[in-house]
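Just below is one structure, and these are the notes that go with it.
Rule-based calculations on the coordinates, nothing more; no lab input. All values derive from a computational prediction rather than experimental measurement. Every residue, glycine as well, gets a Cβ built from its backbone with ideal geometry; the counts of neighbours run over all protein chains shown.
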Amino acid sequence: MIKATKGVDVRLVEVGPRDGLQNEPEHTSAEFRAELVNQLSDCGLSTVEVGSFVSPKWVPQMASTDEVLDKVTRRDDVDLVALVPNMIGLDAAVAADVDQIAIFSAATESFSQKNINCSIAQSFERFKPVIEKSRQLNVPVRGYVSCVLGCPYEGKVSPEQVVPVVEHLFELGCYEVSLGDTIGVGTISSTRSLLRALSGICEPASIAVHFHDTFGQALPNILIALEHGISVIDSSIGGLGGCPYAGGASGNVATEDVVYMLNGMGVNTGVNLNELLEVSEFVFSYLKRGPASRVASASLGFSNQQ
């Protein structure tokens with residue numbers, strides 16, 4: 001079951017502990033990662049991506065995700081999500097008692113091959129038994145689509161490439177699909193075109209957006225998503241993240257920056273910005289560098305020269 005979030009206009013999905021930390025050159029301990037999840041939950045974030053059950057050979061930073069889940073303080077109002085690539089990953093995630101799992105596809109064949117070493121069609125076949133078993137176990141499945149607005153290998157991505165991938169993920173059984181601008185090249189215009197194309201196959205309530213801020217366009221693109229009725233936004237504490245398969249891709253949009261903007265619009269996220277800034281200070285003091293977040297940098301006086 002997906003835990004209810006009461007009285008919230010926009011739900012933020014915090015991806016820092018997974019999508020953020022997996023791109024850090026230094027491995028972080030299970031104790032630190034569990035404490036980060038706990039602090040993020042205490043801020044009012046109701047969905048937190050804890051880690052992944054991908055082979056440590058491919059993503060060593062996410063090793064010991066089972067230990068993280070064992071150390072995290074469980075809360076009735078917080079869903080803990082883990083990324084899984086296959087049935088082995090699903091079994092490990094279920095054994096660790098996750099609330100939800102996430103699976104991942106791509107809008108371009110080149111990125112799919114580079115990221116998960118198979119075609120888009122093969123990825124669907126790989127995930128079909130994962131979703132079927134998740135349904136039997138009553139574990140909700142969230143889908144990701146990478147490179148929805150641009151690909152590091154194929155350039156501009158058209159809505160016509162994205163729509164069938166999203167449609168197939170819903171057909172497989174995902175309750176929600178997150179649209180990933182993996183290299184952060186999206187603009188207001190391209191974001192609007194994509195969302196208009198998707199309006200013919202799904203309701204806005206079933207879509208989330210996942211913007212990287214490479215060219216500083218994440219917040220404007222989020223505004224366009226809000227205008228189209230989308231109310232789920234992926235973000236990462238301090239702007240942690242990137243993409244190991246996309247050279248030059250900067251981090252996810254910072255959770256602090258999104259909350260600051262939404263607070264100014266009178267939009268309720270249920271997230272306490274002051275407490276969130278304390279979490280940002282905790283994270284980047286540990287990492288010994290400053291955050292990408294403009295709000296955190298301005299409020300905390302961080303310097304990347306630390």
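Data overview
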| read-out | value |
| --- | --- |
| Using a Förster distance of 25 Å, the FRET efficiency for THR187-TYR153 (Cβ separation, nearest 0.05) | 0.80 |
| Å³ per residue enclosed by the Cα convex hull of region 167-246 | 102 |
| Region 151-306: translational diffusion in µm²/s, Stokes-Einstein, Kirkwood Rh over Cα pairs, 4 °C, 1.567 mPa s | 79 |
| Exposure proxy ranking, count of Cβ atoms within 10 Å, fewest first, for LYS133, LYS156 | LYS156, LYS133 |
| Neighbour-count order for ASP99, ASP234, ASP76, ASP70, fewest beta carbons within 10 angstrom listed first | ASP76, ASP70, ASP99, ASP234 |
| Paired Rg and Dmax values of region 1-146, which use every Cα atom, in angstrom | 14.9, 42 |
| For the chain, size of Cβ-based charge dipole, Lys and Arg +1, Asp and Glu -1, in debye | 440 |
| The chain: calculated mean residue ellipticity at 222 nm from DSSP helix runs of at least 4, using -39500 (n - 2.57) | -12000 deg cm²/dmol |
| Neighbour-count order for HIS210, HIS228, fewest beta carbons within 10 angstrom listed first | HIS228, HIS210 |
| Region 85-207, dipole about Cα centre (Lys/Arg Cβ +1, Asp/Glu Cβ -1), debye to the nearest 20 | 180 |
| Computed label-point distance, nm, for sites THR73 and GLU167 using a 7 Å Cα→Cβ extension | 4.7 |
| Simple spin-label estimate for PHE215 and GLU125 in nanometres, 7 Å along Cα-Cβ | 3.6 |
| Centroid-to-centroid separation of region 157-236 and region 45-70 [C-alpha atoms, Å] | 25 |
| Where the Cα pairs of region 11-300 fall when distances are cut into 10 Å bins, in % | 7, 31, 39, 21, 2 |
| Spin-label zone in region 204-221 - amide nitrogen under 13 Å from a point set 7 Å from the Cα of MET261 along the C-beta vector | 209-221 |
| Gain in span if fully extended, CYS118 to GLU275, counting 0.36 nm per residue against the direct Cα distance | 52.4 nm |
| Pairwise FRET efficiency - ILE201 versus ASP91, Cβ, R0 = 30 Å, nearest 0.05 | 0.45 |
